[in-house]
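Undergrad: Quick one: the structure is below, and I'll ask about it shortly.
The values are calculated or read from the model by the stated rules, or taken from the named source; none is laboratory data. No experiment lies behind these values; they were computed from the predicted model shown. Cβ coordinates were reconstructed from backbone atoms using ideal geometry, including for glycine residues, and neighbour counts include every protein chain displayed.
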Amino acid sequence: MTLTRSFKLAMAVGVGLLAACFTANLAKASDAYTGKFTLPFEARWGGLVLPAGEYSFTLNDLTVAGTIAVQRDGKNLGVVLVRSISDFDTSGKSELVAVSNGGVYRISAMHLQAGARMGFLIPKAEQPSPARGPELSLLHVPISGSGR
């Protein structure tokens, strides 16, 4: 009799913990930052190649472990990993920062109105070098968004 009672108690506690974890994940998902941007050029962002056009994104977590899901026309294109994050005074602007290195654009950072700056991995072969000098340029792409 005692074994059955202990098993029932363990099951009730287990189900309660599972429900608490699920509820916490739902609450966290509602805190996601969503936004839209229009690229006037083709750009690489993480492992994605994005042709010029309109996009939307969802940032699931404002941490180094965060991921950004990128969509176009309602279709998921892929996920970009946040490489670094820091406090940043954006003066009320949210924007993507694109680096042009030899005519190839790469999204290198995202500034959010919430005061955060996220950096993204740029492959070594595409990183700016002093030898390239004038070929290197920065472009700022405005983001409209909500959240955090």
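Here's the yes/no breakdown for (1) modelled with pLDDT under 85; (2) basic (K, R); (3) within 18 Å of V141 (Cβ to Cβ); (4) out of contact with any helix residue (DSSP H, G or I) (no Cβ under 8 Å at 6 or more places or on another chain):
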{"site": "R72", "(1), (2), (3), (4)": "no, yes, yes, yes"}
{"site": "L77", "(1), (2), (3), (4)": "no, no, yes, yes"}
{"site": "S84", "(1), (2), (3), (4)": "no, no, no, yes"}
{"site": "S91", "(1), (2), (3), (4)": "yes, no, yes, yes"}
{"site": "V99", "(1), (2), (3), (4)": "no, no, yes, yes"}
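Undergrad: A follow-up question, please. Could you pull out the residue among V64, V15 that is at pLDDT below 85, farther than 19 Å from P142 by Cα and assigned by TED's automatic domain parsing to the domain that holds V82?
TA: So the residue among V64, V15 that is at pLDDT below 85, farther than 19 Å from P142 by Cα and assigned by TED's automatic domain parsing to the domain that holds V82 is V64.
Undergrad: Can you confirm whether segment 120-133 contains a residue that is closer than 20 Å to K36 by Cβ and either at pLDDT 75 or above or not in a helix (DSSP H, G or I) (or both)?
TA: Within segment 120-133, one or more residues are closer than 20 Å to K36 by Cβ and either at pLDDT 75 or above or not in a helix (DSSP H, G or I) (or both).
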